[in-house]
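The values are calculated or read from the model by the stated rules, or taken from the named source; none is laboratory data. Because the structure is a prediction, the values reported are computed rather than measured. Quick reminder, even Gly has a Cβ in these numbers, built from the backbone with ideal geometry, and neighbours come from all protein chains shown.
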Amino acid sequence: MKSLAIILFVSGCTFARAREVIKVIPYPQHVKVDSGSNDLTNLSFFYTNLKDDFLINEFKQFADAFSSKVKFSHELQHSGLEVIIDSLLIDSLKEEGYLLKITPRKIRILAANKAGTFYGLQSLNQLASFNKNLPCLSISDQPKLEWRGSMIDIARSFFGVEYLKKHIDRMALYKLNRLHLHLTDDQGWRIEIKGWPRLTSQGSKSAVEGGGSGYLTQNEFIELQEYASQRNIVIIPEIDIPGHIYAALASYPELNCPEMENIDLSIQQPPAMYTGTKVGWSKLCLENPQTYVFVEDIINEMAAITQGSYLHMGGDEIADPLYPEFVLGVDTLIRNAGKIPIGWEEVLQGEVSPQLIGQVWHGKVDNKAGNKWINSACQNFYFDHGNYKDQPGTNNWCNKNGISLQEVYKQLPSDPDLIGVEAAVWTEFIHTEKRMDSMLWPRLAAVAEITWSEKHDLQGFSFRMGFHAPLLEQMSINFHRFEEIKWK
Ligand code: TNX
């Protein structure tokens, strides 16, 4: 009994100390702090068996930023930075896990593959930002959930490659791995489709009032995905059908039903573009055979330029007797194009394939067949809602109190079909990078932690977050300074 008490006391002590010393977000699964430290300014050697030029360069840059005497070594050394991939570790570390061991002479990262080494580096980046004199420690880490995501609506207001790359860098630092782009909506069409050029020559010229217009060329989209994939981020393109489609209907009026009864003409009439914020008033004409030619073309072109495994069909906020049949047809088209279909929760109303992933946003649809699902519950994860109650220029229809850090950090439902979380920023009122930043950060860091870490601890998170201010500033993030955090 006495010895048990001692063990509890000792481990409790280590735990408290680790939580104070290791201010990493998301908090790693296992941390042990040892005595001693490793001064990065003395770093001498860098050895790795990595073959990937991008990653080798990331590690080199990290090392060179602290020490001017780092030599690239072709064999193991007794000191320095050592990054090793060992595929035998796959059973214990899985796809994204890593081990990080810091001793007075060595910094060692071990992983089963590239993603793990990249995440080891992110933990190291954070630790080094707090103190160049690194504490000796052992970290063994891997994510709880596979889907750790951010969604940006670039349809209402366009955000281009430059901002999206910055966003990808910032996501990567917090080990987020899914970027969903809402590419089309009533106010604008944002991706080049070669077979239907007016979608962009006309449909990309507009935006919600005050928002930015424009589009991604296919080459830009491909380049962006490559940039993301180097940082272990998969981009998920969403073409929202059959609703939220006015920009396409205005660009190709022949897609409409006779008399355009698929559009609420009191809201807008083709060929004029739409700049308002109403939803649920336009849909594809599901009786028009041209609609199916259009949809199939778009899906095939999108599948051909999409590097990741997923295609998102939207599917939200629409009523039509042919809707369930339409969704099942699109589900099939996406699978035949070699991708996994995703849709907003409404798609789960009808029959869908078991491969389809549902994205829950208002929690009104029963996931009756037990499809995998992503949690984007609007009360907790709609970051177009204010950081606080009545924040000017924000939506509040789902949560009148705004979405505080505490609201984001709530316990997730325990359900084996839940694959993760995606926080969404809709851009009816978010038109500048500065505002976008302040809606995303630091709330997205809280999403990173609840999806990565087994142990949830809001107080610890808030404590650690305070120390991240210099890091966020270094990345030029215009983050929201929540009052409850003591920013350093
Ligand atoms: C609902 S969530 C929408 C979007 C709006 C958003 C505003 C979802 C699938 N549809 O079209 O932009 O609310 O918060």
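Computed quantities for the displayed model
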| item | result |
| --- | --- |
| Flag for L311 being in a strand (DSSP E or B) and either of a type in the set (A, V, I, L, M, F, W, C) or farther than 28 Å from Y227 by Cβ (or both) | yes |
| Members of region 242-276 that are touching a residue at least 12 places away in the same chain (Cβ under 8 Å), assigned to a loop (DSSP other than H, G, I, E, B), away from the ligand (no atom under 16 Å from the Cβ) and among the small types (G, A, S) | A272 |
| Out of E454, E422, E473, sole residue that is under 29 Å from V31 (Cα atoms) and within 16 Å of the ligand (Cβ to nearest atom) | E422 |
| Of residues in region 292-309 being β-branched (V, I, T) and touching a residue at least 40 places away in the same chain (Cβ under 8 Å), the one farthest from I233 (Cα to Cα) | V295 |
| Residues of region 364-402 classified as in contact with a helix residue (DSSP H, G or I) (Cβ under 9 Å, 6 or more places away or on another chain), among the small types (G, A, S) and surrounded by fewer than 19 Cβ atoms within 10 Å (Cβ to Cβ), total | 2 |
| Which listed residue is more than 16 Å from the ligand (Cβ to nearest atom) and on the phi > 0 side of the Ramachandran plot, from G370, G402, G363 | G370 |
| Long-range neighbours under 6 Å by Cβ, at least six apart or interchain, first residue among the hydrophobic types (A, V, I, L, M, F, W, C) within region 394-406, second within 13 Å of the ligand (Cβ to nearest atom) and not in a loop (DSSP other than H, G, I, E, B) | C398/C378; C398/Q379; C398/Y382; I403/H385 |
| Residue within region 334-345 that is within 16 Å of the ligand (Cβ to nearest atom), assigned to a loop (DSSP other than H, G, I, E, B), within 25 Å of the chain's Cα centre (by Cα) and on the phi > 0 side of the Ramachandran plot present | no |
| In region 113-126, the residues that are out of contact with any Leu (no Cβ under 8 Å at 6 or more places or on another chain) and either assigned to a loop (DSSP other than H, G, I, E, B) or without any contact (Cβ under 8 Å) to a residue 60 or more places away in the chain (or both) | N113 |
| Where a residue in region 149-167 is under 15 Å from W441 (Cβ atoms) and of a type in the set (V, I, T) and its partner, wherever it lies, is within 15 Å of the ligand (Cβ to nearest atom) and modelled with pLDDT of 95 or more, with Cβ under 6 Å and at least six apart | I152/V425 |
| Subset of region 77-112 (residues that are of a type in the set (A, V, I, L, M), in a strand (DSSP E or B) and surrounded by fewer than 19 Cβ atoms within 10 Å (Cβ to Cβ)) | I84 |
| Residue satisfying all of: in region 256-289; in contact with a helix residue (DSSP H, G or I) (Cβ under 6 Å, 6 or more places away or on another chain) and surrounded by 13 or more Cβ atoms within 10 Å (Cβ to Cβ); nearest to T200 (Cα to Cα) among these | M273 |
| Residue in region 318-333 that is buried (at least 23 other Cβ atoms within 10 Å of the Cβ), within 11 Å of the ligand (Cβ to nearest atom) and modelled with pLDDT of 95 or more present | no |
